[in-house]
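Every read-out reported here was derived from the displayed coordinates using simple, explicitly stated rules and does not represent laboratory data. A quick note: this is a predicted structure, and the numbers were derived from the prediction, not measured.
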Amino acid sequence: MAMAMENDKTLCDICNEEKLTYLCEGCSKKFCSMDLTEHHQMLTNELRQMDIDY
């Protein structure tokens, strides 16, 4: 799952502020650098939980 392709300033899908955003190719949402880090951590936690469950 590739993430973080740099774009022009657009609205972050989490904080709704116009910033330099990065596209998550997995969910097709745009995130500022702060929210991208949180999104990545959330996905990492979900994958770890799936690994534990199966």
Practice task
May I ask you to compute the full-extension gain from residue 14 to residue 41, defined as 0.36 nm times their residue separation minus their alpha-carbon distance, rounded to one decimal in nm?
Solution key: 8.3 nm
Handout entry: Relative contact order computed over the chain (Cα-Cα under 8 Å; 6+ residues apart), in percent
Key = 27 percent
Exercise for the section: For the chain, find the longest principal axis of its Cα atoms and tell me its angle to the long axis of helix 33-53, 0 to 90°, nearest 10. Expected result: 10 degrees
Exercise for the section: Tell me which label goes with the value of Cα Rg over 2.2 N^0.38 Å computed from the coordinates here: (i) 1.42; (ii) 1.22; (iii) 1.62. Expected result: (ii)
Handout entry: J(HN,Hα) series, the range 10-16, from Karplus relation 6.51 cos²θ - 1.76 cosθ + 1.60, nearest Hz, glycine and proline x
Key = 9, 6, 6, 5, 9, 8, 6
Handout entry: 5 angstrom amide H check on residue 13, placed H, neighbours 5+ away
Key = 30, 31, 32
